[in-house]
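Asker: Here it is, the structure in full.
What follows draws every value from the coordinates through simple rules; no lab data is involved. What you see is a predicted model; the values in this text were computed from it and never measured. Methodologically, a virtual Cβ is constructed for each residue, glycine included, from the backbone with ideal geometry; neighbour enumeration extends over all protein chains shown.
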Amino acid sequence: MRHLRRGSGVSPALADPAPFAVATIDNPFLQLESLWANIIENSWNFCRNLRNASIELSFHALYGTPWMKHIDVARQAPTQTRDVSS
């Protein structure tokens with residue numbers, strides 16, 4: 001074990017990555033990362049919009065029927081009451 005302890009004793013995995021982390025705008029990996037992030041973001045937005053549209057369409061398909069409109073009109077009609085005290 002003693003022969004492995006030459007140098008500073010710091011593991012290369014724990015060394016400072018700053019000298020290796022030089023990234024420029026023309027780096028194809030950064031461009032690919034940006035492209036992939038935009039694709040993921042747009043797909044989540046599409047799924048959200050599709051969900052909202054399907055919920056709204058289902059709502060109008062159910063509550064827009066003549067039967068449901070009739071129930072709403074019947075519910076809002078004034079009810080007839082009788083005086084049973086006499």
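Asker: Subtract the Cα-Cα distance of Leu30 and Ala74 from 0.36 nm times their separation in residues, and report this length gain in nm to one decimal.
Answerer: Once the chain is fully extended between Leu30 and Ala74, it gains 9.5 nm.
Asker: Next question, about the same structure. Under a plain spin-label model, where a point goes 7 Å from the Cα along Cα-to-Cβ, how far apart in nm are Arg82 and Ala23?
Answerer: 8.1
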